[in-house]
C-alpha cells in the first residue's frame, strides 16, 4: 500500500493489509523525547513488515480547553507532519480535536480506536500520556484496555537532558529566552525557519548589509535578537553562514511593526525574492535593540558579522 503522508480521518487506514503500530501524542517539536516513542513504533512496524502511524491532534487540545490562553506551538502541523515522515512514520493521522473526541470515556478509547482501525496491533505513548473524558485515562488505563482487546501497549520513560525531562514546554521556555543552543540540544536537530523571500525596504543594501527577508510568523516567538545562522535554498545541499535578526527593527521600523526574520549572508549570495529558503539557528549573539542612528546600527551589524565569522570558523 502506498501511504499518503497525512490523512484527516481514520477511513484511509481502515483496510490495511498488515499490522498497524500507532504512536499517539501531540508531538509538538518532534523532539528527542518524542522520538523515543515514535521510533519504537517504527522499529516494531519494520520488524513485523507492518505499518507505522502517528495519531496526533489538530488543533492543539489547549484551544478547546483554554481558548483564552492556548499553547503556542513550536511548529505548524504541516512542518510536524514532514518531520514525522522523515523519522520513518508511514502515515500521520491529524485528528480534529473537538468536544466529541475529548468526551470519549477513557475506558472506551482503545476499543473505539480498534473499531476505526482494525489492523491496530500496538500503541506507543509517553509515560505521562493522558487521554479521555476529563483526562481520566493514563498508561495503566491503556494497559488494562489493551489486555482485554489483544493490543500491546508500550510507554517510553521521559528522556532527560542535564537531569531535567525534555518537554515541549521546556523548549518553548528556552526559545523565548533566546537559549538557542539549549533548544537545539533538546530538539535533537537545529531549530529551523523556512519560507519564501520577499522584497523588503532594502535599507540593509544601502548601508552595506543586504538581507533576505522572510515574513515568518511562528506561534511560539523566539527571543527578539541577532543570531548566527546557516541558510540554504530549499532542496539544496549547500549551506551558507549568516547573521539573522528576528524582531521588529526598532531603529528603523514604524511602531506596531510585525516581527520578521532578516538574514544577511557573510558571503555574497544569488538568492532573491521568490526563492524559498531554510534557516537554521545556531547561536544567540545579542538582544534586539534600538540605536540612536543608522551609523550606530551599521557599526553594530559589523561587530555582529565578526562574531558570526568567529562561530563559522570553529
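FYI, it's all coordinate maths here, none of it is from the lab. Not measured: the values here are computed from a predicted model. A quick note on method: Cβ atoms are made from the backbone with ideal geometry, for glycine too, and the neighbour counts reach across all protein chains shown.
The modelled label-to-label distance between residue 133 and residue 164, using points 7 Å beyond Cα along the C-beta direction, is 3.8 nm.
Express in % the proportion of alpha carbon pairs of segment 190-312 at distances exceeding 26 Å. Roughly 12 percent, once rounded to a whole number. When the chain is treated as a GNM with alpha-carbon contacts under 10 Å, the residue of 219, 39, 262 showing the greatest mean-square fluctuation is 219. Scaled to the globular estimate 2.2 N^0.38 Å, the Cα spread of the chain, given as radius of gyration, is 1.15. Return the whole-Å distance between the Cα centroid of segment 239-314 and the Cα centroid of segment 20-54. So the separation of the two Cα centres works out to 37 Å. Helical runs assigned H by DSSP (4 residues or longer) give the chain a calculated mean residue ellipticity at 222 nm of -8500 deg cm²/dmol, each run adding -39500 (n - 2.57) before division by the residue total. Rounded to the nearest 0.05, what FRET efficiency is calculated for residue 115 and residue 236 with R0 set to 51 Å and r the Cβ-Cβ distance? After rounding, the FRET efficiency stands at 0.65. Can you tell me how segment 6-159 classifies by the Cα gyration tensor, rounded, prolate or oblate, using a/c under 1.5 as the rounded cut? Rounded is the answer for segment 6-159, as its axis ratio a/c remains below 1.5. Please state the shape class of segment 10-74: rounded when a/c is under 1.5, otherwise prolate if a/b exceeds b/c and oblate if not, all from the C-alpha gyration tensor. Since a/c reaches 1.5 but b/c is at least a/b, the shape of segment 10-74 is classed as oblate. Among 55, 20, 271, the residue with the largest mean-square fluctuation in a Gaussian network model of the chain, with springs joining Cα atoms closer than 10 Å, is 271. Sketch the reach of a paramagnetic label on residue 32 as a point 7 Å from Cα along Cα-to-Cβ, and name the residues of segment 132-167 whose backbone nitrogen lies under 19 Å away. What the label zone holds, given the 19 Å backbone N cut-off, is 156-167. Among 35, 290, 249, which one shows the highest mean-square fluctuation when the chain is modelled as a Gaussian network with alpha-carbon springs under 10 Å? Maximum fluctuation in the GNM of the chain, among the listed residues, is at 290.
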